[in-house]
Amino acid sequence: MIQPTRQINLALLGFGHVNRAFARLLLSHRAWLNREFGLEWRITGIATRSHGFALDPAGLPLSKILRRRNPGSLEPHHNGPACASSADFIRLCGADVLFEASVLELDGEPAATYIREALFAGLHVVTTNKGPVATRFRELTKLARRRGVRFLYEGTVMDGAPVFNLVRHSLPGTRIRSLRGIINSTTNHILTQMEQGATFESALTYTQERGIAEADPRLDLAGWDAAIKLSILIQALMGGNTPPSDIRREGISEETGRLVRSAVRRDRRLRLVARAYRQGSRVIGKVEPEELDVSDPLASIRGLSNILVINTDTMGELAIVENNPSVQQTAFALFSDLVTLLRRPQA
Ligand SMILES: NC(=O)c1ccc[n+]([C@@H]2O[C@H](COP(=O)([O-])OP(=O)(O)OC[C@H]3O[C@@H](n4cnc5c(N)ncnc54)[C@H](OP(=O)(O)O)[C@@H]3O)[C@@H](O)[C@H]2O)c1
């Protein structure tokens with residue numbers, strides 16, 4: 001059967017590691033999207049903080065923009081109305097879907113404001129940015145429902161590995177009793193490299209060079225990144241209302257190397273563990289280094305890999321493991337959320 005063609009306009013807010021990898025994925029899956037959904041897409045806007053904006057209602061020359069080694073200014077590609085701010089950009093980009101991948105800030109701003117404006121204007125929003133999701137979860141999910149659009153955030157925890165999609169689509173009527181996992185790649189890489197004698201500094205540099213560490217790596221090291229992800233898991237999967245600031249949090253530092261080596265000598269492993277459990281009507285969250293028995297599934301998670309173990313009332317214990325992710329897997333989260341909203345444009 002020949003499908004009718006659907007034209008969809010997409011806008012990218014942020015054009016760093018994630019949205020650039022997503023743009024490449026869109027290009028390599030153009031034929032697949034057309035075959036599956038009869039979809040023709042174009043990018044009508046790209047916004048950055050220091051490289052300017054580009055708008056073109058007819059579609060920007062994405063391959064050409066991506067070919068430039070040095071991102072430089074986007075202005076030469078601009079072919080639309082004057083745009084002086086990200087707020088202007090959202091109003092003028094003419095998109096059906098906004099892909100928000102700007103930098104993580106603990107208070108969720110200014111991304112939360114951009115997302116709110118986009119949802120309010122009737123755009124679907126897909127984000128990999130944990131800040132606005134953790135700090136404004138209820139407000140933004142309610143607003144999306146009221147406006148009849150989707151607000152999707154698969155890439156905020158374990159990149160494109162199905163966490164929210166798994167529970168949403170494949171675990172109907174399930175209550176999650178508790179969960180625990182290793183959900184920060186940077187600290188896990190540092191801890192497991194230190195087990196083998198590497199220095200804290202060299203292991204951190206590796207994650208920065210691969211675009212895995214946050215722009216401000218202190219957010220990873222102090223446990224904030226894991227606490228923010230845990231807060232999203234609690235709010236989205238357990239119905240709890242635990243903001244990142246209410247999560248008990250202890251990070252890692254150069255000094256942790258001594259504890260790592262001491263654990264290995266006793267055939268044990270040190271990991272930065274995030275856990276959530278119910279206590280009466282509340283959900284409690286903690287992120288802290290834990291010494292684990294080698295037989296614990298979390299102890300076998302090495303390098304950049306992540307794991308999430310969920311304890312459910314229907315399926316008992318289920319584990320999701322993501323092996324050595326790169327930015328390609330984060331980009332896939334945006335792609336899979338795009339497919340989710342094509343299949344089901346309303347929550
Ligand atoms: N990298 C990963 O593997 C990964 C994995 C999961 C989640 N994430 C999340 O995904 C998001 C993007 O990560 P990334 O690695 O792509 O970051 P990145 O390489 O630092 O890129 C961030 C982009 O956002 C732009 N930007 C920052 N503030 C902005 C603002 N106020 N308005 C418009 N644009 C703004 C930057 O513009 P300039 O270039 O002009 O500064 C840049 O283009 C972050 O929230 C991160 O936590 C990343």
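Does region 295-327 hold any residues that are surrounded by 15 or more Cβ atoms within 10 Å (Cβ to Cβ) and modelled with pLDDT under 95, and which are they?
Pro325, Ser326, Val327
Inside region 18-74, can you point out the residues that are farther than 24 Å from Gln329 by Cβ, surrounded by fewer than 20 Cβ atoms within 10 Å (Cβ to Cβ) and within 12 Å of the ligand (Cβ to nearest atom)?
The answer is Arg49, Ser50, His51, Gly52, Asn70, Gly72, Ser73.
Based on what the data block shows, is Leu204 open to solvent by less than 60 Å² (accessible area, probe 1.4 Å) and either under 20 Å from Thr330 (Cβ atoms) or touching a helix residue (DSSP H, G or I) at 6+ places or on another chain (Cβ under 8 Å) (or both)?
Yes: the conditions hold for Leu204.
Looking at Ala134, is it aliphatic (A, V, I, L, M), in a helix (DSSP H, G or I) and either open to solvent by 20 Å² or more (accessible area, probe 1.4 Å) or within 12 Å of the ligand (Cβ to nearest atom) (or both)?
For Ala134, the condition - aliphatic (A, V, I, L, M), in a helix (DSSP H, G or I) and either open to solvent by 20 Å² or more (accessible area, probe 1.4 Å) or within 12 Å of the ligand (Cβ to nearest atom) (or both) - is met.
In region 147-164, which residues are in contact with a Ser or Thr (Cβ under 7 Å, 6 or more places away or on another chain) and of a type outside the set (D, E, K, R)?
Those that are in contact with a Ser or Thr (Cβ under 7 Å, 6 or more places away or on another chain) and of a type outside the set (D, E, K, R): Phe151, Leu152, Tyr153, Gly155, Thr156, Gly160.
Could you check region 258-282 and list, in sequence order, the residues that are over 25 Å from Ile228 (Cβ atoms) and not in a strand (DSSP E or B)?
Arg258, Arg261, Ser262, Ala263, Val264, Arg265, Arg266, Asp267
Pick from Gly72, Gly45, Gly14: which is touching a residue at least 24 places away in the same chain (Cβ under 8 Å) and at positive phi?
Unique residue meeting the criteria: Gly14.
Mind listing whichever residues of region 253-293 are in contact (Cβ under 8 Å) with a residue 12 or more places away in the chain, out of contact with any strand residue (DSSP E or B) (no Cβ under 6 Å at 6 or more places or on another chain) and within 29 Å of Thr199 (Cβ to Cβ)?
If the condition is that a residue be in contact (Cβ under 8 Å) with a residue 12 or more places away in the chain, out of contact with any strand residue (DSSP E or B) (no Cβ under 6 Å at 6 or more places or on another chain) and within 29 Å of Thr199 (Cβ to Cβ), then Ser253, Glu254, Thr256, Gly257, Arg261, Val264, Asp267, Glu288, Asp293 are the ones that fit.
So, restricting to helices (runs of 4 or more DSSP H) that lie completely within region 139-234, which ones have at least 1 residues that are closer than 25 Å to Asp313 by Cα?
164-170
From the set of residues in region 207-216 that are surrounded by fewer than 18 Cβ atoms within 10 Å (Cβ to Cβ) and either farther than 17 Å from Thr330 by Cα or not hydrophobic (A, V, I, L, M, F, W, C) (or both), which is nearest to the ligand (Cβ to nearest atom)?
Gly211
With the requirement that a residue be small (Gly, Ala, Ser) and touching a Ser or Thr at 6+ places or on another chain (Cβ under 6 Å), what does region 210-230 give you?
If the condition is that a residue be small (Gly, Ala, Ser) and touching a Ser or Thr at 6+ places or on another chain (Cβ under 6 Å), then Ala213 is the only one that fits.
Let me spell it out: the conditions are (1) of a type in the set (D, E, K, R); (2) over 18 Å from the mean Cα position of the chain (by Cα); (3) within 14 Å of the ligand (Cβ to nearest atom); (4) in a loop (DSSP other than H, G, I, E, B), and Glu117 meets all of them except one. Which number is the exception?
(4)
The values are calculated or read from the model by the stated rules, or taken from the named source; none is laboratory data. What you are looking at is a predicted structure, and each value in this text was computed from that prediction instead of being measured. Glycine also receives a Cβ, built like all others from the backbone with ideal geometry; neighbour counts cover every protein chain displayed. These area figures cover heavy atoms from the full protein model, side chains too; ligands, DNA and RNA do not enter into them. Shrake-Rupley method; radii C 1.70, N 1.55, O 1.52, S 1.80 Å.
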